[in-house]
1. Among (1) open to solvent by 80 Å² or more (accessible area, probe 1.4 Å); (2) of a type outside the set (A, V, I, L, M); (3) modelled with pLDDT under 90, there is one condition residue 298 misses while meeting the rest; what is its number?
2. Of the residues 194, 148, which single one is of a type in the set (D, E, K, R), within 30 Å of residue 269 (Cβ to Cβ), part of a helix (DSSP H, G or I) and out of contact with any His (no Cβ under 9 Å at 6 or more places or on another chain)?
3. Given the condition surrounded by 11 or more Cβ atoms within 10 Å (Cβ to Cβ), assigned to a loop (DSSP other than H, G, I, E, B) and either at pLDDT 90 or above or not aliphatic (A, V, I, L, M) (or both), answer yes or no: does some residue in the range 209-226 qualify?
4. Only one of 44, 63 is farther than 16 Å from residue 117 by Cβ, at pLDDT 90 or above and in a helix (DSSP H, G or I); which?
5. Is there any pair linking a residue in the range 197-209 that is farther than 12 Å from residue 119 by Cα and without any contact (Cβ under 8 Å) to a residue 12 or more places away in the chain to one that is open to solvent by less than 80 Å² (accessible area, probe 1.4 Å) and not hydrophobic (A, V, I, L, M, F, W, C), with Cβ under 8 Å and at least six apart or on different chains, and which?
6. Residue 180: closer than 30 Å to residue 66 by Cβ and among the small types (Gly, Ala, Ser), yes or no?
7. What residue, among those in the range 239-279 that are open to solvent by 80 Å² or more (accessible area, probe 1.4 Å) and of a type in the set (A, V, I, L, M), is modelled with the highest pLDDT?
8. Could you tell me which numbered condition residue 110 fails, if it satisfies all but one of (1) open to solvent by less than 70 Å² (accessible area, probe 1.4 Å); (2) of a type in the set (D, E, K, R); (3) farther than 28 Å from residue 68 by Cβ; (4) at pLDDT 90 or above?
Amino acid sequence: MHRTYSLRSQRAPTAAQLQSPPPPPSSTRNKFFGKGLLSHSVRKSVAGAMGPEMARKLAQLIKMEKNLMRSIEITVNERKEVAKQLSAWGETNDDDISDITDKLGVLIYEIGELEDQFIDRYDQYRITMKSIRDIEGSVQPSRERKQKITDQIAYLKYKDPQSPKITVLEQELVRAEAESLVAEAQLSNITREKLKTAFNYQFDSMREHSEKIALIAGYGKALLELLDEAPVTPGETRPAYDGYEASKQIIIDAENALATWTFDSAVVKPTLSFAAQEEEYDEDELADEAENLKITEGQWAEEQKQIA
């Protein structure tokens, strides 16, 4: 956020940026292909038509995620321009409106900054998914080799059942199946590991972004409370605005809240209705139940004696 707490002055690094360096810039920021919907469609179609067949669906997903991130980048730029325009419009109004709109512009601009950071963190998810695509592509050749040998054996058994090549091919098939088993096991293990890691990146970035947006919205509503909306009659002078220090403090508090936010301090916690809960037993209740069980067993034994 701005150290001068105004969009009408030069922007300075935030405390959060000084304390914890941001992740590396997203790899999707290459502008070579442009930002239009046509380029999005071209990238998605090309990804689905090229590369090993086994990896094409995931490759298409990765390209779609790239398109999504570039769309967010457009939103970031537009939101920052909106924040500047709000401040520019408010500057020519009364003192209270001028101050409040400038401070609101600071908060809205900060949302744009958070969205910019979200792109970089979200890209970690996309890069991790690419590693699954790569392993899928590497498994494809072993599958194709095994299938090719199987087809050759079937052909020879049909055309020349006595061919000595059949034995050689069957030995090759055994080796190919062993290699394929190793590759398939590796694919299964890596897919699960990377899928979990990738979506942890995505959901962590979403969670952080959403919580910080909620914080900004709360401080924005606090700024609105400084506006005197009491109606005045024609010719009446509205009381002088004295909320400069209060509005500045709200921005300071917002900056501190964003800089100190951690996952441990997150407000929203998921609640799973199907989560198994361990039953808690009271020791006295257990003792009473055991004693009652002994009495019941004694009564049963006594009754059996009387029947005998």
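1. Of the numbered conditions (1) open to solvent by 80 Å² or more (accessible area, probe 1.4 Å); (2) of a type outside the set (A, V, I, L, M); (3) modelled with pLDDT under 90, the odd one out for residue 298 is (1).
2. Exactly one of 194, 148 is of a type in the set (D, E, K, R), within 30 Å of residue 269 (Cβ to Cβ), part of a helix (DSSP H, G or I) and out of contact with any His (no Cβ under 9 Å at 6 or more places or on another chain), namely 194.
3. yes
4. When all the criteria are applied, what remains is 63.
5. That search, which allows pairs on different chains as well, returns nothing.
6. no
7. The extreme case among them is 240.
8. The number of the failed condition is (3).
The values are calculated or read from the model by the stated rules, or taken from the named source; none is laboratory data. Keep in mind that this is a model prediction, so the values were computed, not measured. For neighbour counting, all protein chains shown are included, and Cβ atoms are generated from backbone atoms with ideal geometry for every residue, glycine included. Note: accessible area is taken over every heavy atom of the protein model, side chains too, but ligands, DNA and RNA are not part of it. Shrake-Rupley method; radii C 1.70, N 1.55, O 1.52, S 1.80 Å.
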